[in-house]
Amino acid sequence: MAVLSTREKLAILSDAAKYDASCASSGAGGRDSLKSGGIGSTEGMGICHSYAPDGRCISLLKILLTNFCIYDCSYCINRSSSNVRRARFTVDEVVRLTMDFYKRNYIEGLFLSSGVIRSPDETMTEMVEVVRRLRLDEKFGGYIHLKTIPEASAELVEKAGLYADRLSINVELPTDEGVKRLAPEKRPETIRVSMAKLRSKIEEKAEPTLRTKTRERFAPGGQSTQMIVGADATPDAGILKTSARLYGSYQLRRVYYSAFSPIPDASSALPLRKPPLMREHRLYQADWLMRFYGFDQSEILDGQPDGMLDLEIDPKLAWALRNRASFPLDVNRADKEMLLRIPGFGTRAVERIIETRRFKRLRLEDVGRLCQSIAKVRPFIVADGWSPGATTDAARLRETIAPKPRQLELL
Amino acid sequence: MVSQPTLSLAAYAVQLAGPTDFDGWRDAARKLATNEVRPEDIEWHVGGAATELPAPTPGVEFRVSRDFIDRAAIVACHSDSERFALLYRLLWRQRSAPHLLRIASDPDVRRFEAMEKSVRRDEHKMHAFVRFRKIGDGVDERFVAWFEPDHFILELAAPFFVRRFTGMHWAILTPHGSAEWDRERLALGPAASKEDAPDSDQSEEMWRTYFASIFNPARLKVKAMQSEMPKKYWRNLPEVSLIPGLVAGADQAAREMIARMPTMPAPHHEAIQARHWPAAEEQAATEAQSIDALRQQASQCRRCPLWSEATQTVFGEGPDDAELVFVGEQPGDQEDLQGRPFVGPAGKIFDAVLGEAGIDRAAVYVTNAVKHFKFEPRGKRRIHSKPNAGEVQACRWWLAQELTLLKPKLVVALGVTAAQSLLEAPVAITRQRGQTIMRDDGLAVFLTIHPSYILRIRDPQEAATECARFAEDIRTVRETMAA
């Protein structure tokens, strides 16, 4: 094989990494280089340094160490049967690229993943070596997200957590049956146990040690996971159920949903069509409802016989339209949990309403100044001088507030 | 922005030292407000000669919240020439309405918030979109960036770059001023022009390669990109010149991905499969001859649907020849994570009481009636739910196998689920606890409570009493074993 330049490898190994949705660089807490005199900081909120024309933020240098892989997962561009060009970075190349990009303020840090070569432990050893060198040799204080290989040994995971801000293990697909069918060599049981171990480790290290009373550093950004949407037939209800289970069981910071995207040299086992981007978007909205709006997973799709989220309207509006008996709500009196259920109110709007109404009774125009769009909110609220009358129950309500059908951008 | 002293109808014209002279504003505002000067009687200007302001009225104190001062300092960086007048008006109004800032629907407050947000956003975008270019090598290595912010945010944004690029010698040049960090000190300097910054960097080709490769043409969403990366920032970003080409080619690239027929597997695929994934030999389901073999079989159990939510099967634990067996209800959160029975809070009580009674946990066998954790997810927690009769029934098969292999002298049923599983009959634990019941097959089953019952008691005194009763039961167990 011809020797590839670092730039050629970068092209291959970032192309190979782009199907992973996660790019978050948040949650690591505060860290800077003032004491170490090194390079890098994290400040809670991550920063998106650029945006690709697919609308996704570019925050981290997201690459694979190698795209050689012994697994043959049919949804993956790097599966062993794929004819994609293969490349392999040296540890040194990844360290240099990360530092070169970071020093020019292109990125927040590194998201390193890898195909599995030879054995999980060998691959993981090399990944850990990259982060060790960044932290110790380069005094790098930027964000590091390491995709953990589920089968890797406990010692390697422990080391990874010492240097990385976030660790993640992909559940790959919403159901174990799906994994068995599309990723026959992967073991869902092992993936679950690995996530469980990671949670236990994170909790263990969050306790101050007896001797020094300080906390040992271990993945301060927690763990996350990703599942591919649309590669198997699991309906949204099943996906959300899996998410609720994952959040509850393993204290995940995030579950990422990745609309299955056609890949070059695709496997015949998969649907060849454009990625279900709107479905992915609705799943994220539903995920937000579970995490920040007090919705239970079972409520979100309650009464939706096919178990699929409505693509035309957001899941909160869909829920409100199915539960009109709960509305209208008086914005001057309703409690926080109920305000959060009003379509068109975000968490920030609800906070502002609660704060403002302590000093002043809210009229409709006041509410209009506190939220994005009063038109969407109006049928569901009562304010001083405003009552929606029969609109809340009008049969045509959906038509009047749903966004006009719009041709989605062609693939 | 710079104004000449003009004929003014206002009683006072304040001249601030610079566009972000917040201290100057604060000083003038204090003097004016304590002298009851109304907002409409003041004009605020940047630069020029100062006019005489009244001395602060002695003895008159004027207080506003720290929150207002902090946020006003941010708003002072806005490019809107009305900003200082707005800040004074808000200050003035807070005298009679101390909670004004919390009334988010007030037009002045909204404008204040909008300006604050705009400055913060500009600062954030500066953190994001500054692009350093390297000049020199070794000790002469410098990183220089040219950036054009909307507002006067250089001073506000600079500390971020100090914290992040502490070990670098860098400078950021803007049309309003410049900032330079030499690894020790931050120095603010005069305005600069684009020509003062280097026009290229060797790493930009790499960065552009990355930008082009990380883009997925099947997900084209140009509007989403533009709303986060507005065009006004584009002229100083080395990667954006690629965007038109990527967008134009996206449709074609995506269509090609879909249209291309699946190909034959790569040549090395077969070798990899043979080396790493040899076809597993079919193992006939044989009857397990040891607890370990049984545990292995149970790890794949699909006798009821509980496996699909749980992490793993939590099988019994203890020596193959244990004479004493404890059976609980089902694993909990910690047991599910660790794959071992009785390691959570209830396990801690269990261990303590066992220790007190002089029973070595390592010498006994501990298991559960149901071997998967049944729960309801509630946000970041899992709430235990009681296994139903069908689930207990399905799992009894494993418990029976365990007991057949172990042939214990005594089995202790911890709680009603264990008792019902072992006796296959309704049991009233509160009435029957402390009793030993002989099964038809000769197995002796001792009944007591589940230690989690103690955890659920709120009153500490009552919990202590219950714990003592539980310990009493376990002592009886030890005595029975010794007899």
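The values are calculated or read from the model by the stated rules, or taken from the named source; none is laboratory data. Only a predicted model underlies this, so the values are computations on that prediction, with no experimental measurement involved. Every residue, glycine among them, receives a Cβ derived from its backbone with ideal geometry; neighbour counts consider all protein chains shown.
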*Test: A:Ala183 is at pLDDT below 95, within 22 Å of the chain's Cα centre (by Cα), farther than 21 Å from A:Arg31 by Cα and of a type outside the set (S, T, N, Q)*: yes
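Conditions tested, residue by residue: (1) part of a loop (DSSP other than H, G, I, E, B); (2) of a type outside the set (Val, Ile, Thr); (3) in contact (Cβ under 8 Å) with a residue 60 or more places away in the chain.
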residue: A:Ser74; (1), (2), (3): yes, yes, yes
residue: A:Ile77; (1), (2), (3): yes, no, yes
residue: A:Glu122; (1), (2), (3): no, yes, no
residue: A:Met127; (1), (2), (3): no, yes, yes
*For the subset of segment A:150-168 comprising residues that are within 14 Å of chain B (Cβ to nearest Cβ) and assigned to a loop (DSSP other than H, G, I, E, B), which member is farthest from A:Thr98 (Cα to Cα)?*
A:Glu151
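To keep it simple, each residue is scored yes or no on (1) modelled with pLDDT under 90; (2) surrounded by fewer than 14 Cβ atoms within 10 Å (Cβ to Cβ); (3) assigned by TED's automatic domain parsing to the domain that holds B:Leu156.
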position: B:Asp27; (1), (2), (3): no, no, no
position: B:Pro56; (1), (2), (3): yes, no, no
position: B:Ile69; (1), (2), (3): no, yes, no
position: B:Ala73; (1), (2), (3): no, no, no
position: B:Arg89; (1), (2), (3): no, no, no
position: B:Trp92; (1), (2), (3): no, no, no
*Looking only at residues in segment A:26-53 that are among the polar types (S, T, N, Q) and not in a loop (DSSP other than H, G, I, E, B), which one is nearest to the other protein chains (Cβ to nearest Cβ)?*
A:Ser50
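Kindly indicate whether A:Asp296 is in contact with a strand residue (DSSP E or B) (Cβ under 9 Å, 6 or more places away or on another chain) and either surrounded by fewer than 21 Cβ atoms within 10 Å (Cβ to Cβ) or at pLDDT 95 or above (or both).
Numbers: in contact with a strand residue (DSSP E or B) (Cβ under 9 Å, 6 or more places away or on another chain): yes; either surrounded by fewer than 21 Cβ atoms within 10 Å (Cβ to Cβ) or at pLDDT 95 or above (or both): yes.
Considered against the rule, which asks whether it is in contact with a strand residue (DSSP E or B) (Cβ under 9 Å, 6 or more places away or on another chain) and either surrounded by fewer than 21 Cβ atoms within 10 Å (Cβ to Cβ) or at pLDDT 95 or above (or both), A:Asp296 comes out as yes.
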*asked:* Being farther than 30 Å from A:Tyr250 by Cα, under 38 Å from the mean Cα position of the chain (by Cα) and in the same structural domain as B:Leu324 (by TED's automatic domain parsing) is the requirement here; does B:Asp459 meet it?
replied: yes
_All positions within segment A:201-230 that are closer than 30 Å to A:Thr175 by Cβ, surrounded by 15 or more Cβ atoms within 10 Å (Cβ to Cβ) and more than 18 Å from the chain's Cα centre (by Cα)_ = A:Lys201, A:Ile202
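Looking for whichever is of a type in the set (Gly, Ala, Ser), surrounded by 15 or more Cβ atoms within 10 Å (Cβ to Cβ) and within 14 Å of chain A (Cβ to nearest Cβ) here; the options are B:Gly339, B:Gly316, B:Gly347. Which one fits? Full working, then the answer.
Working: B:Gly316 fails: within 14 Å of chain A (Cβ to nearest Cβ); B:Gly347 fails: within 14 Å of chain A (Cβ to nearest Cβ).
Only one candidate passes the filter, namely B:Gly339.
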*Any residue in segment B:441-451 that is surrounded by 20 or more Cβ atoms within 10 Å (Cβ to Cβ) and in a helix (DSSP H, G or I)?*
no
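Every residue, every condition in (1) crowded, with 19+ Cβ neighbours inside 10 Å; (2) at pLDDT below 95; (3) in contact with a His (Cβ under 6 Å, 6 or more places away or on another chain), yes or no:
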| position | (1), (2), (3) |
| --- | --- |
| A:Gly46 | yes, yes, no |
| A:Ser50 | yes, no, no |
| A:Thr66 | yes, no, no |
| A:Asn83 | no, yes, no |
| A:Ala87 | yes, no, no |
| A:Val91 | no, no, no |
| A:Leu97 | yes, no, no |
| A:Asn105 | yes, no, no |
| A:Arg132 | no, no, no |
_Quick check on this structure: which one of B:Asp292, B:Asp336, B:Asp321 is touching a Ser or Thr at 6+ places or on another chain (Cβ under 6 Å) and of a type in the set (D, E, K, R)?_
B:Asp336
_Long-range neighbours under 7 Å by Cβ, at least six apart or interchain, first residue more than 16 Å from B:Leu188 (Cα to Cα) and in contact (Cβ under 8 Å) with a residue 40 or more places away in the chain within segment B:135-156, second acidic (Asp, Glu) and in a helix (DSSP H, G or I)_ = B:Asp150/B:Asp122; B:His151/B:Asp122
*Which of the residues that make up segment B:124-168 are surrounded by fewer than 19 Cβ atoms within 10 Å (Cβ to Cβ), of a type outside the set (Asp, Glu) and away from chain A (no Cβ under 14 Å)?*
B:Gly138, B:Val139
_Against the definition (surrounded by fewer than 21 Cβ atoms within 10 Å (Cβ to Cβ) and at pLDDT 95 or above), how does A:Arg282 come out, yes or no?_
no
*Could you tell me whether B:Lys223 is within 8 Å of chain A (Cβ to nearest Cβ), under 34 Å from the mean Cα position of the chain (by Cα), surrounded by fewer than 16 Cβ atoms within 10 Å (Cβ to Cβ) and not aromatic (Phe, Trp, Tyr)?*
yes
*Could you tell me whether segment A:27-41 includes any residue that is surrounded by fewer than 19 Cβ atoms within 10 Å (Cβ to Cβ) and of a type in the set (A, V, I, L, M)?*
yes
_If I filter segment B:175-189 for residues that are closer than 25 Å to A:Ser59 by Cβ and under 36 Å from the mean Cα position of the chain (by Cα), do I get at least one hit?_
yes
_Residue under question is A:Pro235, and the condition is that it be modelled with pLDDT under 90 and either in the same structural domain as A:Thr148 (by TED's automatic domain parsing) or at positive phi (or both); does it hold?_
no
*Tell me, please, whether a residue that is within 11 Å of another protein chain (Cβ to nearest Cβ), at pLDDT below 95, in a loop (DSSP other than H, G, I, E, B) and over 30 Å from B:Lys223 (Cβ atoms) can be found in segment A:10-23.*
no
_All helices (runs of 4 or more DSSP H) inside segment A:223-324 with 1 or more residues being within 26 Å of A:Thr148 (Cα to Cα)_ = A:236-250, A:277-292
*Might you let me know whether segment A:103-118 holds any residue that is in a helix (DSSP H, G or I), in the same structural domain as A:Ser168 (by TED's automatic domain parsing), closer than 26 Å to B:Phe147 by Cβ and of a type in the set (S, T, N, Q)?*
no
*Residues in segment A:236-258 that are polar (S, T, N, Q) and in contact with a Pro (Cβ under 8 Å, 6 or more places away or on another chain): how many?*
2
*Just checking, which of B:Ala413, B:Ala419, B:Ala389 is away from chain A (no Cβ under 14 Å) and surrounded by fewer than 22 Cβ atoms within 10 Å (Cβ to Cβ)?*
B:Ala389
*With the checklist (1) surrounded by fewer than 19 Cβ atoms within 10 Å (Cβ to Cβ); (2) of a type in the set (Gly, Ala, Ser); (3) more than 21 Å from the chain's Cα centre (by Cα) in hand, flag the one item A:Ala320 doesn't pass.*
(1)
*asked:* Give me the residue from segment B:169-207 that is under 19 Å from B:Asp140 (Cβ atoms) and among the aliphatic types (A, V, I, L, M) and, out of that set, farthest from the other protein chains (Cβ to nearest Cβ).
replied: B:Ala187
*Could we say that A:Phe359 is touching a residue at least 12 places away in the same chain (Cβ under 8 Å) and among the aromatic types (Phe, Trp, Tyr) here?*
no
